[in-house]
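Below you'll find the structure, written out as structure tokens, and then a few comments.
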């Protein structure tokens, strides 16, 4: 999976479903990333974390209170990191799409 491409796809779909409302689109992004296979399935999450740069997601999790919680399994931690990485990328992509639209309208 190309994270940038997937993130743009998620962001564009969420912005479309939100009728162009940025705040609603960001809510939809959270839901879309939370339901994505890399956030649900341990195997997919572990593969994702092994093959992608997860630094942004890990930093976001640290800002939210930490990557791991007491009693977490390796798979749960991988799912959390994969979700956060995709979530951060999709939010960045949404900002990029909105900026592109504003520039095109000017």
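The values are calculated or read from the model by the stated rules, or taken from the named source; none is laboratory data. Note that the coordinates shown come from a computational prediction; the quantities given were computed from them, not determined experimentally. Methodologically, a virtual Cβ is constructed for each residue, glycine included, from the backbone with ideal geometry; neighbour enumeration extends over all protein chains shown.
Annotations
- Evaluated against (1) modelled with pLDDT under 95; (2) not in a loop (DSSP other than H, G, I, E, B), residue 13 falls short on exactly one condition, (1).
- Residue within the range 58-81 that is over 30 Å from residue 102 (Cα atoms), crowded, with 23+ Cβ neighbours inside 10 Å and under 10 Å from the mean Cα position of the chain (by Cα) present: yes
- Screening 18, 25, 45, 39 for residues that are closer than 13 Å to residue 88 by Cβ and either surrounded by 14 or more Cβ atoms within 10 Å (Cβ to Cβ) or within 11 Å of the chain's Cα centre (by Cα) (or both) leaves exactly one candidate, 39.
- The one condition in (1) closer than 16 Å to residue 6 by Cβ; (2) in contact (Cβ under 8 Å) with a residue 12 or more places away in the chain that residue 61 fails to fulfil: (1)
- Reported count of residues in the range 16-52, each being outside any helix (DSSP H, G or I) and in contact (Cβ under 8 Å) with a residue 12 or more places away in the chain, is 3.
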